[in-house]
Amino acid sequence: MRQFFILLVFLAFIISPVAAQQEAPQTSLNHYIEFLSQSSEQVIRRFKMLQTYQDDVSRYRKKADYGLRLPSSGPLEEYYYKKALPGLGIEAGKRKQLNAGLENVWNVLNKLDETCKSLETYVRLKDYERNNLKKSDALVTEMQSLFERYAHDKNALYTQIRQVYAGVQNRPATDPYIVTEKAMGEVIAAQQRLLDALPYYLNAETKAEWPTALVRQSMLDDEKALATIGNTASQLQYPASDMVGTFKSALASMQDIKRRALDDHNFAAQQSAEHGNAVYLSLVEQFNHDMLEFYKAFVGYSKPGHLLLNYPFFSPVMRVADASDVAAASKGTPPFQDKSFQPLNVKKAAAPASAAVIKTLNQYVDWINQSLRQMHLLQMIVRNYQSSAEYYRDPAKAQKRANLSYSHEDFKLPSSEYTLLLNASTAIPEPYRKSVTGQAEVLMNILKEMDGLSIELIRYTSEKQYLQDQLKRSDAILDRYLVLFDILDQKKELLYNDIRRIHESYPNATPTSSWYIAGNAMLRTMDNGHDVMFGMRDYLKGETSKLPETANLEADSRQLIADEYKNMKGLQRYGRNNGLCPYTPYEDLGANAGRFAEKVQQYKPATSGYAAHPYESFYYFYNNELVYEYNNFIELSKAGLLKTINQPDVFAFRRTSPQKPAAPPAKVDEPKVEKPVEKPRENRVEDIAQVKTNNAEVPATQQPPAREDVRPLTNEAEPVAQVTRDTVYVERLRVDTVYVDRNAQLQNVTRSLDGFAPNNMVLLLDVSSSMNSPYKLPLLKRSIKSLLTLVRPEDMISIVLYSGKARVVLKPTSGAKASEISRMIDLLQSDGDTDGNEGIKLAYKTANKQYIRAGNNRIVLATDGEFPVSAEVMDMIRQNARQDVYLSVFTFGRNEHTGQKLKKLSELGMGSYAHVTDASADLQLILEAQAKKLAGR
């Protein structure tokens, strides 16, 4: 046995050098890379742990109402370190240098791990309660330093690895695998340089400059790489060739993050480091676990003929903010820089346009549409602000109100799309390029001025300047907005007409294809629809006395339907549920064009109670039912067709005359009422002795009836003036019943809430995809906004959505913040499925949590169709109605619903049932908010 053991040892000495010679240098180098990637993963875990911990510390410093927690980081992984250490395939001298760098990285990693565990122990022992987090701050600072040191030592080792790799790689530079490796490597290096330049601040409240210029340039570099990165794929063997495409898709995903990063870097995002931090972490995640993983797969599939080198994961670092990082506050907003352009001299081209030209022209259309969407958002924001600001014109009354506020945090300049547009414009022939890029620049300048004016309004309201100048500067800004909205509308039309003329100067490459024939027929319909739309604008502006002629549009509608199978011959029908089916937008455009003509013919001037401008319904119909369907067809086509642009709601924002101060109300002496003595009863207290309503105290014998249920103590919402809520366990003897006058006629509804009960109104809104119609979601928004012009500080509004998963998107909010509620309404979009049962449950939970004594506690369910309701929910509706939380149901759609389930819900909920139309949208919800106490109660 002893002899056998000696023989094994002898063989080991012989085999070891042989094994070393058999391991390729590239394989040994990749062991080092593998260690760097795995250790970077461990660093990232500790990085994220510190990020979460610091958020908890910030909350703890503000309110030490709960203890800090820090999960265990676990043992440090040694396997990959030991695997890399032998370096069997590397020459001894170079291996010694590499191992020295390896030891540096390993030591830093161990030091970081020890520091992290010290912090864990500190938190578990709750020592932060004894020394006021001093040691915590020291350990956090040390960890930040170690992140930076680790990144430095890791990069130094990787540089050594690259040098050794260059010396052992013996393939010619023209080898397609080497060419592909180099191209991918350049892309990877570019992403690393950007990540090294981006800041991450542990304190998310840090307000610092963010390198938008670097991100913009990186995005342009990505565009060039995306155009060339796959050129060598055909020269590679499968599956290595397939990895080139996946790597390209990873780069496109990085590009999407950068685009969103630029567009979302608006004024609101610039007020903290949250936006930049989120972008940083998203890019790191995408880079490590998408781009590098696909590259690693390419390297693996290139074996055994080509031994290539991997790339290590990126490891993040944290930056400490300094004074130079803080951005200076901007001054007044300068007017946009306008330019004049000579009429475009378009000449007929001899050959069809290239794919690049068609793509770029459509990019212009997309960018115009995105600009119009942002303009419409601002129209809604400033309209809401204008209605709120009028209540602050009198400084004396303004002092008694909640502060006037303004925010445009959802407004985003289409910066990334504009950058890519200018980059792509090189495809347009030189004679046209200067004009169209110049016009696009003017449109962007207008949007920038709009953004600047909103930033001014934010400072104006936050500094309460309206108390000094009685809204003088506010009026000037709103007047300027009115001018800018009109200018952008005019200039976008000129730019689109030039883009279209350029497109039409080229002959079509496939004039006999069904895509082209059908697209041309649809374009004629769109042109006539455009003329009708502009004719309606002129009529409502008073520039013409007659409604526009619709004969041509009606004829187009009929012709599209009649020629469907001739025009669409050879095109595949996939079915209406398949988004790739071209028949769906073709058929819908034909039908919708006829409906649009009919809508114009049937137009009648609105009654005096009509709040929204009648053009709004035409705006929604034209864009959603005509433009959307046409552009959807163009997206599907392969025939070099051009999209069309939306049209703005030119009446969305109108200036209102300043309101005259109202006469002060007559003073009424309040009766003196002796308060009854409360007596305890079996560990509970008697009902609240008095309820304050309308600034007068009501004796307990005359107070509004109490609720029958028992509610726990809650501090989640601040009480509104003049209203006392159930904030203790009480024994209630009666119910707090109020009623809405069901006999009231809409035309007789008083547009005021004065004298009515305070409202706790929960809007339970169906925003599923079926609500995407001019007769549905726009009417719903209009109805809510009509109420928002009247709500008082004591009125509470909540919003619950039940598209997809039911969720509260607006917690109970005072009517003093009507502008904020209105902004939330503007953001509602139709998508997802309906989950009515969960929505109703959540709505009742929200209503009960905010229950107002002697108030109008009401849920308003708004939907376009019936849905199954469980017996449990039906019983819940019945029980809550007995306890004075009522349910009203509003339905929407072209035709009134004939189903009985929704009516039954409203009956069980002791509320209203109404089908909302264009005529009733402005008053229906106001009626629900005008609740009175039952007589004799």
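Bear in mind these aren't lab numbers, they're just calculated from the coordinates by the rules spelled out. What you are looking at is a predicted structure, and each value in this text was computed from that prediction instead of being measured. Ideal geometry is used to build each Cβ from the backbone, glycine not excepted, and the neighbour counts take in all protein chains shown.
Quick notes
- Calculated [θ] (222 nm, deg cm²/dmol) that DSSP helices of n ≥ 4 give over the chain, each run adding -39,500 (n - 2.57): -17500 deg cm²/dmol
- Protection proxy ranking for 417-425, 50-58, 524-532, using the average of other Cβ atoms within 10 Å per residue and placing the highest first: 524-532, 417-425, 50-58.
- Cα centroid of region 345-394 to Cα centroid of region 117-182, whole Å: 45 Å
- Per residue, the convex hull spanned by the alpha carbons of region 283-431 comes to 293 Å³.
- The alpha carbons of region 352-507 occupy a box of 69, 23, 20 Å along the principal axes, longest dimension given first.
- In the chain, taking the dipole from charged Cβ atoms about the Cα centre, the farthest positive-side position among A652, L842, M536 is held by L842.
- Legend: ranking of residues Y432, Y481 from fewest to most surrounding C-beta atoms inside 10 Å; resulting order Y432, Y481.
- In region 21-170, Cα pairs under 8 Å separated by at least six residues give a relative contact order of 34 percent.
- Total charge dipole magnitude, the chain, about the Cα centre, Cβ charges on Lys, Arg, Asp, Glu only, Debye to nearest 20: 820 debye
- This model, with +1 at the C-beta of Lys and Arg and -1 at the C-beta of Asp and Glu, gives region 352-507 a dipole about its Cα centre of some 260 debye.
- Fewest-first ranking of Y574, Y311, using other Cβ atoms within 10 Å as the exposure measure: Y574, Y311
- Alpha-carbon gyration tensor eigenvalues x 5, square-rooted, for the chain, Å: 57, 43, 27
- Top positive-direction residue, dipole computed over region 470-605 with Cβ charges, set L553, C581, L523: C581
- Taking S249, S234 and counting other C-beta atoms within 10 Å, the order from fewest to most: S234, S249
- Range of Cα positions in region 256-311 per principal axis (Å), largest first: 54, 16, 11
- Formal net charge of residues neighbouring A929 (Cβ-Cβ distance under 9 Å; K, R +1; D, E -1): -1
- Total charge dipole magnitude, region 21-170, about the Cα centre, Cβ charges on Lys, Arg, Asp, Glu only, Debye to nearest 20: 380 debye
- Sorting the Cα pairs of region 21-170 by distance into bins of 5 Å, from 0 upward, gives 2, 9, 18, 18, 14, 11, 9, 7, 6, 4, 3, 1, 0 percent per bin.
- Contact order for region 352-507, expressed relative to its length and based on alpha carbon pairs under 8 Å spaced 6+ residues apart, stands at 37 percent.
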